[in-house]
Amino acid sequence: MATTVDSPARTADRVAAVYLPAMVLTTFVLAAGLTICGALAQLTPAEIWQSIVQPEASDIRQVIFHFSYLPRIVMSVLVGATLALSGAVCQETLRNPLAEPMTLGISSGASLALLLATIWLPRYSAVFGEWISLAGASAALVLTLSIAASRRFSQNATILAGLLVSMFAGAASSILTLFHQQALAGYFIWGSGALTQNDWSGVAFLAPRLLGIFIILVLFRRPIELLSLPDDSARSLGLSVPLARLVGMAIACSLAAFAVSAVGPIGFVGLAAPALVRLGGARTLKEKLVWAPIFGAGLLWLTDQLVLQLSTTWLDMPTGNFTALIGAPLMLFMLTHRRHPENDPGSIREAAAPPMARPWLLIGLMAAAAALAAFVALHAGQSMRGWQWNSISEMHAYWHLRAPRTTAAFSAGALLAISGCLMQRLTGNPMASPEILGVNAGASLGIILVVMFLPNTDAQFAGAIIGAIATMALMLITGRKGSFASDRLLLTGISLTVVFGAIMNILTSLGNPRFLTLLTWAAGSTYRVTEWDAFLSCVALLAAVAAIPFYHRWLAILPLGETTARAAGVNLPKTRAVVVVLAGSMAAAATLIVGPLSFVGLMAPHIARSSGFHRVGPQLIASAFLGATIMIVADWLGRNLLFPFQVPAGLLAAGVGIPYFAFIWRSGR
């Protein structure tokens, strides 16, 4: 009697036929159960039916249920389907399982465009919001792809470029909101991805657009299917690959832009839904286009209902923050369990610069430049009478205002630069820095947790150190799995930054005055620095410089590889632990002064290395002076450019540092 053996594909089809519907059904059942519980907490079954059909105008509960609760449910379903469909199209078009509107910078670009329109074109933002959103999303996508083009659109390179665009858009949005808080009163809620509805207009806006684009996508399904093939194979079948990718990304971009204009940026639904559907057994494009939006609808519906339950029992938070808290760990999981090709064109290779013959002469010039920057920052500035240069005899009126900030900026910039050098030599990654690897974000989270649970103590520095060291240790653990591959390490660090940022947004959304005062600090302002703070920052910098001779030899040997280091008698676990503690402590001390986002820890070491400083000692000292100069200039410009308003030095440095990082990463230097 002959026996038949099922092929792996047929077995996968059978599993998908059972598992996918069960997964989707479970999600919808849970979401529906929470929805019914929420409805019954407001109304009786008879009142619920009446509220759906014809709400009683005299009963405010029925009015709220009909015009707020029900539209929110429908909107969560529509937005989830829209973002999941956009993510599925992105992933198929770019052949990248990590692609989605948030990781490609599309959502952030749309959000920034709407913010700009709200400030300067409020009349048009209400009428043409969807087109403004689409323009911003398209511009961000073009910028992402142009950055990734130099590395042949490799998977990690494209995502890293998109996350850089998102970070830059976020920094720009933070700067704008500092000066237009009254005009952006409603933007703070919308900008966090809130699904709150006041009527059915949002549903009426999004539903026909989702349906229309889905029909277009069905008609265009065949070219997208061919994009899953290698480019040469697709061309042999008569497909214009660039045109097909352009149309596919235009469809995905439009979907994301419409969703952002309706409810604000909600991240990672476009990543989670297609990924989980793919794990559930969906293999063909048809299956993904059907199941991804259905599952995305249920996923966001369930998530939003969980948020509503939390708002009644613990805290109220925008749904967008909650999805980021769930989606970023999923991205970390996918990164750590995905095979990394050794010949990935996204990998970063350091271009060697010729060594400097007389490094200490240039270091002397850098020290003079830092001193000159500090001198100008102390004596020049704007007042109500305009620009002024204050002589030494006049400095007594300004000394207590300018000296602590300038001193703290000098120390913070130098500490970040030295910390960046340590991280780059420890990981062998020329793009590593406290900002990129999430170390500063971990320090910030430690500070916020201390303020939350120990409000009456001065343990912020201890919390910052613990957060920074824990984050760096986590980076080393995850980095070793991928042999410290450059692009994977950077992606992991930025993902950790997203996780910490979501946690910080959730905590600050509590409305506690202690957390609200941290918002200015998180932007990187030296406004609240006291003379005591400046003194402590100097002590931290002197301690960091004094420790250089003790770990100088380790840093010279570590970049040569584990085999060489062991042969030279270096105890690698102990050495790495010491360097992690040193780098994390320096980053934590600087983060207390200038916030988590400055990119000085990346810029200063890279400029020093590109200038020919290869030996450890000169490179560390040169980086310290460069970092100090950059931060002093950023703080001085932030104090004077828009006087009497002040731009936080950290945000201003980030506004320069992120494009700088994108440039050097794109050029492979």
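The values are calculated or read from the model by the stated rules, or taken from the named source; none is laboratory data. Quantities reported herein were computed from a predicted structural model and do not represent experimental measurements. For neighbour counting, all protein chains shown are included, and Cβ atoms are generated from backbone atoms with ideal geometry for every residue, glycine included. The protein model used for the area step is the full one, side chains on, heavy atoms only, and it has no ligands, DNA or RNA in it. Shrake-Rupley method; radii C 1.70, N 1.55, O 1.52, S 1.80 Å.
Annotations for the structure displayed:
- Filter pass, Ala662 being open to solvent by less than 10 Å² (accessible area, probe 1.4 Å) and touching a residue at least 12 places away in the same chain (Cβ under 8 Å): no
- Pairing each residue of the stretch 241-267 that is touching a residue at least 24 places away in the same chain (Cβ under 8 Å) with any residue that is hydroxyl-bearing (Ser, Thr, Tyr) and surrounded by fewer than 24 Cβ atoms within 10 Å (Cβ to Cβ), provided the two are 6+ apart or on different chains, yields C-beta distances under 6 Å for Arg245/Thr93; Gly248/Thr93; Met249/Thr93; Cys253/Ser138.
- Test: residue in the stretch 578-587 that is within 30 Å of Gly381 (Cα to Cα) and either acidic (Asp, Glu) or modelled with pLDDT of 80 or more (or both): yes
- Within the stretch 380-390, considering residues that are exposed (fewer than 15 other Cβ atoms within 10 Å of the Cβ) and small (Gly, Ala, Ser), the one farthest from the chain's Cα centre (by Cα): Gly386
- Qualifying residue in the stretch 610-631 (condition: buried (at least 21 other Cβ atoms within 10 Å of the Cβ) and under 16 Å from Ile175 (Cβ atoms)): no
- Residue within the stretch 423-437 that is more than 24 Å from the chain's Cα centre (by Cα) and of a type in the set (A, V, I, L, M) present: no
- Test: residue in the stretch 96-114 that is modelled with pLDDT of 90 or more and of a type in the set (D, E, K, R): no
- Screening the candidates Val89, Val63 for the property of being crowded, with 24+ Cβ neighbours inside 10 Å, at pLDDT 90 or above and not basic (Lys, Arg) yields one hit, Val89.
- The residues of the stretch 560-577 that are at pLDDT below 75 and exposed (fewer than 12 other Cβ atoms within 10 Å of the Cβ), listed by number, are Gly561, Glu562.
- Filter pass, Ile147 being surrounded by fewer than 24 Cβ atoms within 10 Å (Cβ to Cβ) and within 18 Å of the chain's Cα centre (by Cα): yes
This table checks each residue for (1) part of a helix (DSSP H, G or I); (2) at pLDDT below 80; (3) of a type in the set (Gly, Ala, Ser).
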position	(1), (2), (3)
Gly413	yes, no, yes
Leu416	yes, no, no
Leu422	yes, no, no
Met431	no, yes, no
Ala464	yes, no, yes
Gly467	yes, no, yes
Phe484	no, yes, no
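- At least 2 residues being modelled with pLDDT under 90 and surrounded by 22 or more Cβ atoms within 10 Å (Cβ to Cβ) is the threshold, and among the helices (runs of 4 or more DSSP H) wholly inside the stretch 191-304 those reaching it are 241-263, 269-279.
- Of the residues screened, Ala32 is one that is among the aliphatic types (A, V, I, L, M), out of contact with any helix residue (DSSP H, G or I) (no Cβ under 8 Å at 6 or more places or on another chain) and modelled with pLDDT of 90 or more.
- Those residues of the stretch 450-462 which are surrounded by fewer than 18 Cβ atoms within 10 Å (Cβ to Cβ) and at pLDDT below 80, in sequence order: Met452, Phe453, Leu454, Pro455, Asn456, Thr457, Asp458, Ala459
- All of Phe179, Phe188 fail the test of being open to solvent by 30 Å² or more (accessible area, probe 1.4 Å), modelled with pLDDT under 85 and within 24 Å of Pro659 (Cα to Cα), apart from Phe179.
- Condition met for Ile447 (assigned to a helix (DSSP H, G or I), buried (at least 24 other Cβ atoms within 10 Å of the Cβ) and β-branched (Val, Ile, Thr)): yes
- Among the residues here, Ile159 does not qualify as modelled with pLDDT under 90, more than 19 Å from Ala137 (Cβ to Cβ) and in a helix (DSSP H, G or I).
- Subset of the stretch 353-379 [open to solvent by less than 50 Å² (accessible area, probe 1.4 Å) and without any contact (Cβ under 8 Å) to a residue 60 or more places away in the chain]: Gly364, Leu378, His379
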